[in-house]
Amino acid sequence: MRIVIKVGTSTLAHSTGMLNIRRVEQLCKVLSDLKNAGNEIVLVSSGAIGMGVGKLGMRERPTDMPGKQAAAAVGQCELMYIYDKLFSEYHHTVAQLLLTGSDIENEQRRKNFHNTLFRLLELGALPILNENDTIATEEIVIGDNDTLAAIVAESVRADLLVLLSDIDGLYTADPHADTDAKLISRVEAITPEILALAGESGSCLGTGGMATKLRAAQRVNAAGIDMVIANGADPDILYQIVEGAPAGTRFIGRR
Ligand code: GLU
C-alpha cells in the first residue's frame, strides 16, 4: 500500500514545544516497520513552528509573521535532524520537501514536485513534507498540513491517508464538553450533518482542527482514497489502521 501519514504538532511535541521523545521514537519505529513490510510511506510532518518555539525558548507560539517564520526555520532543521537520526537507526533514508501554495497552483512547479516525489519513492526513500513556513505568507499559504496531506495523497494516488492528531477521531459531539459524545468509527459519506460536527481548533502549537480534517476527507474520498483520523498518542495504532481493523474514524473513499 502507498500510505500518506500526517502527524500534527501535538503528537510530536509536548505543550512546551519540546520534542516528545518517547512518542517520536515509537512513530519512527512503526513507520520503519511498515516500510519494511513493503508499504510505501510518505510523511507529512508539522511541528516546525512548535519545535522552533521550544528550541528558541519562546514562551508561546509567536503571532507575528517574522516570528513564526524564524521559529519555523529553526524548528524545521531540528525536526529533520531528529527524523534523519531515528530513521537511520532502521536503515531508512529520509528526504525533505517543503512546499508553498504556489508550488501546488503552478503547473510546472507541481510537475517538478510530483517527479521528485515519485523518484524518491522509486529509490526507496522516505519523503517528509511540510509547508515552507519561512516563505509562505498569506498570499501563497496552503494554510494547514491536513490540506497539504490531502493534496499529497491525491497527487501520489495513495491508497490511504492517515491523520494522526490529539483526538481519537470524529465524535457525535465535542468530547471535551459532552460526556455522552460517541466516537464515529466509519463515515460512508460526508453529509452536511457530518460537516456540522467540526468544532474549533484545539491545540495551541499547531493549526487546523476538525474542520480542516473533514475538508481533507472530502477531497481524498472524492478521489477514491480512504482517510483515517486517529490519536497519535500511541503510534502502534498505525498497525491496526493499515490492516483495516477498527481504529479512529475511517472515511470511506468513493469507489
Ligand atoms: N507547517 C506548520 C509547522 O510545521 C504546521 C501546520 C499545521 O499544523 O497544520 O509548524
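The values are calculated or read from the model by the stated rules, or taken from the named source; none is laboratory data. As the structure is a prediction and not an experimental result, all values here were calculated from the model. Quick reminder, even Gly has a Cβ in these numbers, built from the backbone with ideal geometry, and neighbours come from all protein chains shown. SASA here: full protein model, heavy atoms, side chains in, ligands and nucleic acids out. Shrake-Rupley method; radii C 1.70, N 1.55, O 1.52, S 1.80 Å.
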Notebook entry, point to check: With the chain treated as a Gaussian network of Cα nodes joined by springs under 10 Å, which of Ile229, Ile49, Ile237 yields the largest mean-square fluctuation?
Noted result: Ile237
Check: How much of the accessible area of the range 156-255, in percent, comes from carbon and sulfur atoms when a 1.4 Å probe is used?
Finding: 49
Margin query: I'd like the accessible area for Asp174: 1.4 Å probe, protein heavy atoms, all chains in place, Å² to the nearest 10.
Written below: 80
Check: All other residues with a Cβ under 14 Å from the Cβ of Ala223 taken together, and with Lys, Arg as +1 and Asp, Glu as -1, what is their net charge?
Finding: +3
Checklist line | Evaluated at q = 0.17, 0.23, 0.27, 0.29 Å⁻¹: base-10 log I(q)/I(0), Debye formula over Cα of the range 37-92 | finding: -0.59, -0.84, -1.01, -1.10
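Express as a percent, rounded to the nearest 5, the fraction of DSSP beta bridges in the chain (both residues included) that run antiparallel.
Roughly 15 percent of the beta bridges in the chain run antiparallel, per DSSP.
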Check: Pairs Lys6/Lys213; Lys35/Lys111; Lys29/Lys111: which exceed 21 Å Cα-Cα?
Finding: Lys35/Lys111; Lys29/Lys111
Checklist line | Anisotropy class of the chain from Cα gyration tensor, a/c 1.5 cut | finding: rounded
Checklist line | Translational diffusion of the range 124-255, µm² s⁻¹ [Kirkwood Rh, Cα pairs; Stokes-Einstein; 20 °C; 1.002 mPa s] | finding: 139
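Show me the trypsin sites (Lys or Arg not before Pro) within the range 46-112 that DSSP assigns to loop and that have at most 12 other Cβ atoms within 10 Å of their Cβ.
Those that pass, being in a loop and sparsely packed, are Arg59.
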Notebook entry, point to check: Per the Cauchy relation, a quarter of the hull surface: what is the mean projected area of the convex hull of the alpha carbons in the range 99-196, in nm²?
Noted result: 8.8
Note to self: Counting heavy atoms of the protein chains only and a 1.4 Å probe, report the per residue accessible area for the range 118-255 as a whole number of Å².
What the structure shows: 47
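Determine the shape class of the range 43-175: with a ≥ b ≥ c the square roots of the Cα gyration tensor eigenvalues, call it rounded for a/c under 1.5, and otherwise prolate if a/b is greater than b/c, oblate otherwise.
Working: a/c = 1.25, a/b = 1.22, b/c = 1.02.
The shape class here is rounded.
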Next item on the list: With 10 Å bins from zero, work out the P(r) of the range 1-76 over every alpha carbon pair and list the percent per bin.
Entry: 20, 42, 25, 11, 1
Check: Where the centroid of each part is defined by its Cα atoms, how far is the range 146-181 from the range 213-236 in Å?
Finding: 5
Check: Which one of Ile49, His14, Asn106 has its Cα pushed farthest toward the positive end of the charge dipole of the range 13-127, where Lys and Arg give +1 and Asp and Glu give -1 at the Cβ?
Finding: His14
Checklist line | Within the chain: Cβ-based charge dipole about Cα centre, in debye rounded to nearest 20 (Lys, Arg +1; Asp, Glu -1) | finding: 460
Checklist line | Residue-span extension gain [Ala189 to Ile135] - 0.36 nm each, minus C-alpha spacing | finding: 15.8 nm
Checklist line | Among Thr147, Asn132, Val162 the positive-end extreme of the charge dipole of the range 122-171 (Cβ point charges) | finding: Val162
